[in-house]
Amino acid sequence: MKRISKKPEGQPTRGKTASNRLRRVDNFILLYEPSLLTRVDGLFAQSLFVDLGYGFDPRTTLESASRFRKLNPDLKILGVEIDKERVEAALPFADDKTYFRLGGFNLPLQPGERVGLIRAFNVLRQYEESEFMPAYERLAEFVLPGGLMIEGTSTPFGNVWAANLARRVEPGKWKFEALVFSTNFHSGFDVEEFQTILPKNYIHRMTGGEPIQDFFAAWKRSASETASAKTFGLKQWFAASVESLVKKGFDIDLHKKRLGRGYLIWRV
């Protein structure tokens, strides 16, 4: 592992967030791989969940602590912010298992600490595309092999989001495991709504010949072809559109519980 720079690497986010904005992200983690929050083998025994770029106040970190500790009461959680004032405002909420520290992509870990899971939401969209992979590579230095990062963008109230799932494999390397789309159907079901919140590595690639454009073109066709399913509800229409995508050759998780809760997992 490289020596950790004392100066936080990155840029401050806008910092504003609504209560429970990331609830569906946390619920997805609990559905997708809850074992990351409970593993006790090897270095995972003391691994951290990191909330990177929590904002003006620590509500997202504290909300995650409440959810995840129902599964693992001993889970250690670290909220990281690049803005000193935001860290100082969060410190009164710290305890022996909940930490708030000044830092950026060079995570401010203490000796012996390791990371099993990172959530980085509404952070990288403000960066240039050329800065995307260097940020990922920096973060990979701190994550245990087999660990995961979920990184993406949500609408202001979190009802719709899109995110990369990246798995830490070789030293300093990620394997992009899936692109996840999530909706609670409160604003209906519109495939185009997901395009506006694509992660940074996709948002500028909605052009001819790019796999992400092909995916969205196919999903729009599938949604149109299965529109009759909306008679039974938006969840049923969403699931039918995804099943149609699979028939078109896309590698998508058809786990009924995940689909029923509005999660599309495309294995990229």
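The values are calculated or read from the model by the stated rules, or taken from the named source; none is laboratory data. Note that the structure is predicted; figures quoted are calculated from it, not measured. Cβ placement follows ideal geometry from the backbone for every residue including glycine, while neighbour counts extend to all protein chains displayed.
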Requested in this report: Please work out which one of (1) touching a helix residue (DSSP H, G or I) at 6+ places or on another chain (Cβ under 6 Å); (2) under 28 Å from Pro34 (Cβ atoms); (3) surrounded by 14 or more Cβ atoms within 10 Å (Cβ to Cβ) is the condition Leu71 fails and give its number.
Outcome: (3)
Query - Odd one out for Ala218, checked against (1) in contact with a Lys or Arg (Cβ under 8 Å, 6 or more places away or on another chain); (2) touching a residue at least 40 places away in the same chain (Cβ under 8 Å) - result: (2)
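Quick grid of which residues meet (1) under 24 Å from Asn27 (Cα atoms); (2) not basic (Lys, Arg):
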| position | (1), (2) |
| --- | --- |
| Phe185 | yes, yes |
| Gly188 | yes, yes |
| Thr196 | yes, yes |
| Pro199 | yes, yes |
| His204 | no, yes |
| Thr207 | no, yes |
| Glu210 | no, yes |
| Ser224 | no, yes |
| Lys230 | no, no |
Query raised in the report: Does Ala90 satisfy the criteria of being aliphatic (A, V, I, L, M) and over 19 Å from the mean Cα position of the chain (by Cα)?
Result: yes
Report summary line: When every residue in region 149-161 that is over 23 Å from Val115 (Cβ atoms) and of a type in the set (A, V, I, L, M, F, W, C) is compared, the one modelled with the lowest pLDDT is Phe157
Query raised in the report: Just for strands (runs of 3 or more DSSP E) wholly inside region 124-239: which have at least 2 residues that are aromatic (Phe, Trp, Tyr) and either in the same structural domain as Ile29 (by TED's automatic domain parsing) or over 21 Å from Ile252 (Cα atoms) (or both)?
Result: 174-183
**Report entry** Members of region 209-265 found to be touching a Ser or Thr at 6+ places or on another chain (Cβ under 6 Å) and among the small types (Gly, Ala, Ser), listed by number
**Finding:** Ser222, Ala223, Ala240, Ser241, Ser244, Gly262
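Conditions (1) within 20 Å of the chain's Cα centre (by Cα); (2) of a type in the set (Asp, Glu); (3) modelled with pLDDT of 95 or more, marked per residue:
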{"site": "Lys6", "(1), (2), (3)": "no, no, no"}
{"site": "Ala18", "(1), (2), (3)": "yes, no, no"}
{"site": "Leu37", "(1), (2), (3)": "yes, no, yes"}
{"site": "Leu52", "(1), (2), (3)": "yes, no, yes"}
{"site": "Gly55", "(1), (2), (3)": "yes, no, no"}
{"site": "Thr60", "(1), (2), (3)": "yes, no, yes"}
{"site": "Glu63", "(1), (2), (3)": "yes, yes, yes"}
{"site": "Phe68", "(1), (2), (3)": "yes, no, yes"}
Query raised in the report: Among the residues of region 111-131, which ones are in contact (Cβ under 8 Å) with a residue 40 or more places away in the chain and surrounded by fewer than 20 Cβ atoms within 10 Å (Cβ to Cβ)?
Result: Gly112, Glu113, Arg114, Arg125, Gln126, Tyr127, Glu129
Query raised in the report: Out of all the residues in region 74-103, which are among the small types (Gly, Ala, Ser) and under 26 Å from Arg39 (Cβ atoms)?
Result: Gly79, Ala94, Gly103
Query raised in the report: Among the listed residues Gly188, Gly158, which satisfies the condition of being within 19 Å of Trp237 (Cα to Cα) and either of a type in the set (A, V, I, L, M, F, W, C) or in contact (Cβ under 8 Å) with a residue 40 or more places away in the chain (or both)?
Result: Gly188
**Report entry** Enumeration of residues in region 219-258 that are crowded, with 19+ Cβ neighbours inside 10 Å, out of contact with any Leu (no Cβ under 9 Å at 6 or more places or on another chain) and either β-branched (Val, Ile, Thr) or on the phi > 0 side of the Ramachandran plot (or both)
**Finding:** Thr226
